[in-house]
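Trainee: Can you read through this structure? Questions will come right after.
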C-alpha cells in the first residue's frame, strides 16, 4: 500500500516551485483559547491556497495552505493531486509526523463509482467505500484510488504536497481541537 498522507505525507521540496501564494484575505487574529464552534465547516480553495474555517455561515478565520503538486481532481494513488468534493473528518492523529493531522473521507461514493466504472477498483472495494461513507467512517485507503488525504502541519509555505492540505504548524495546532470527527470539509478548485 502506497501511503499518501497518514501523517507520512511529505510536502515536496523547492525543486517543484509554484508561484508565491497570494496573501490571505481577511486573516483574523488568533482564536480565543478554549473557543468552541457550534457548526464547524471547512472550505479549502486550492487555487487560492486558502482554508476558511466557518461556524455555520460565519467565517471565523482564514489560513494559508498548500495542496497537491499536480493540478486537478485526484484520480488515483500517487498522482499528487488533492481531491475535489465534499468530505468529512473521519480520523484525528495527534501523533502525526507532521505535527497533527485530520484524515478526510476520500475516496467518497462518487470516487468509488468512478473507480468501479474505470475498472480501477473491484466491486468489493466499491462496496466497502460506500459502506464506510454511509456509516460516516473512514473509507478504505488502500485502493488504486488512493487515500489517507489529510489536513496536516509541515508548512503552508511549501510548494505542494503529495495530495494533502498542508498548514503551518501553529495553524494546525489552533484548528485541530476545533474540528470534531464528522466535520464537513469541502475542497474546491
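The values are calculated or read from the model by the stated rules, or taken from the named source; none is laboratory data. Since the model is a prediction, treat every value here as computed from it, not as a measurement. Note that each Cβ is placed from the backbone with ideal geometry, even for glycine, and that neighbours are counted across all protein chains shown.
Trainee: Is it the case, given these coordinates, that residue 172 is closer than 17 Å to residue 108 by Cβ and crowded, with 19+ Cβ neighbours inside 10 Å?
Mentor: no
Trainee: Would you say residue 52 is at pLDDT 50 or above, surrounded by fewer than 16 Cβ atoms within 10 Å (Cβ to Cβ) and either within 14 Å of the chain's Cα centre (by Cα) or more than 20 Å from residue 183 (Cβ to Cβ) (or both)?
Mentor: no
Trainee: Now, a different point. Condition (residue is modelled with pLDDT under 95, within 21 Å of residue 45 (Cα to Cα) and touching a helix residue (DSSP H, G or I) at 6+ places or on another chain (Cβ under 6 Å)) applied to the range 152-159: is it met by at least one residue?
Mentor: Yes - at least one qualifying residue is present in the range 152-159.
Condition check ((1) under 17 Å from the mean Cα position of the chain (by Cα); (2) surrounded by fewer than 21 Cβ atoms within 10 Å (Cβ to Cβ); (3) over 28 Å from residue 31 (Cα atoms); (4) touching a residue at least 24 places away in the same chain (Cβ under 8 Å)) across all residues:
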{"site": "116", "(1), (2), (3), (4)": "no, yes, yes, no"}
{"site": "122", "(1), (2), (3), (4)": "no, yes, yes, no"}
{"site": "135", "(1), (2), (3), (4)": "no, yes, yes, no"}
{"site": "147", "(1), (2), (3), (4)": "yes, no, yes, yes"}
{"site": "159", "(1), (2), (3), (4)": "yes, yes, no, yes"}
{"site": "164", "(1), (2), (3), (4)": "yes, no, no, yes"}
{"site": "188", "(1), (2), (3), (4)": "yes, yes, no, yes"}
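Trainee: On to the next question. Could you please find all residues in the range 76-95 being part of a loop (DSSP other than H, G, I, E, B) and under 13 Å from the mean Cα position of the chain (by Cα)?
Mentor: 80, 81, 82, 83, 84
Trainee: Please go through the range 57-82 and pick out each residue that is touching a helix residue (DSSP H, G or I) at 6+ places or on another chain (Cβ under 7 Å) and either surrounded by fewer than 16 Cβ atoms within 10 Å (Cβ to Cβ) or under 30 Å from residue 119 (Cα atoms) (or both).
Mentor: The answer is 69, and nothing else.
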